[in-house]
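What follows is a short report on a single structure.
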Ligand SMILES: Nc1ncnc2c1ncn2[C@@H]1O[C@H](COP(=O)(O)OP(=O)(O)OP(=O)(O)O)[C@@H](O)[C@H]1O
Ligand SMILES: [Mg+2]
């Protein structure tokens with residue numbers, strides 16, 4: 001479904017990504033892990049169109065992805081959440097979903113919005129101001145909801161669970177798991193928590209200093225001492 005080939009990104013003199021290869025098949029659930037600054041969010045920015053790579057190719061279904069503007073990628077079925085939730089201020093939860101739906105699908109489908117609100121447990125919060133009147137879990141849920149409203153085939157979750165306390169995190173993890181099982185969406189999640197990755201993902205890709213250093217089952221990855229050293233930020237000199 002998605003294939004990145006030898007993608008490199010440079011910001012000034014900084015090589016944020018070097019020859020990154022990433023493949024996501026239909027219905028797969030892939031974890032993208034690695035220490036802070038490894039380039040994880042940059043991978044999402046390349047896929048969604050916010051960052052233009054300096055080299056490499058990318059295909060999504062039959063599309064030459066890098067030639068497509070941001071809105072065309074959304075229409076083709078790529079949706080992402082942001083590490084810092086970015087609701088449209090001054091709008092309600094429901095209005096945020098409506099805007100996302102129009103952006104991603106070109107039409108409005110109030111019934112689908114109701115389903116998303118219900119699935120995310122946001123029905124009671126639908127008419128609240130999205131910027132000011134939500135708890136952190138609700139902000140996170142809305143961020144996922146905005147992505148779902150675009151009717152995606154591939155969902156990119158950037159630390160969708162980060163900052164939640166244990167119970168909230170467990171509930172949210174189960175909700176995402178259910179979403180994957182029920183819809184067969186392909187999902188890539190950026191997440192630091194090993195337990196969460198192991199629970200959700202069939203495969204995890206480890207980035208370190210902009211390079212893919214492992215692409216394996218979570219079980220194997222988190223047993224590899226080299227990977228764990230990079231993961232925990234302990235590096236040999
Ligand atoms: N727009 C930008 N301009 C300049 N440098 C950037 C930009 N975006 C990212 N970087 C740099 O690229 C590197 C990779 O950043 P990125 O945000 O992709 O890391 P990350 O793996 O998502 O980290 P974190 O776990 O902290 O979210 C970092 O050194 C970061 O400072
Ligand atoms: Mg990031």
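Just so you know, all these numbers are worked out from the coordinates, no wet-lab data involved. Predicted, not measured: the structure shown is a model, and the values here were computed from it.
Brief remarks on what is shown
- The convex hull defined by the C-alpha atoms of segment 163-237 has an orientation-averaged projected area of 5.7 nm².
- The per residue volume of the convex hull around the alpha-carbon atoms of segment 82-217 is 119 Å³.
- Largest-first ellipsoid semi-axes for segment 34-77, taking √(5λ) over the Cα gyration tensor eigenvalues, angstrom: 20, 11, 9
- Pairs of alpha carbons in segment 35-127 separated by more than 20 Å make up 48% of all such pairs.
- Two-decimal log10 I(q)/I(0) for segment 147-207, as the Debye equation yields it once each C-alpha is a single scatterer, q = 0.17, 0.18, 0.19, 0.28 Å⁻¹: -0.56, -0.63, -0.71, -1.44
- On Cα atoms only, tilt of 93-105 relative to the major axis of the chain in degrees: 60
- Angle between the chain longest axis and helix 136-149 axis [Cα atoms, degrees, rounded to 10]: 90
- Both radii were evaluated on the Cα set of segment 104-162; the Rg over Rh quotient, with Rh as the Kirkwood radius, amounts to 0.95.
- Equivalent-ellipsoid semi-axes for the chain (Cα gyration tensor, √(5λ), whole Å, largest first): 29, 21, 16.
- Extension gain (nm, one decimal) between residue 67 and residue 193, 0.36 nm per residue minus Cα-Cα: 41.9 nm
- Taking N as its residue count, the alpha carbon Rg of segment 1-83 over 2.2 N^0.38 Å: 1.04
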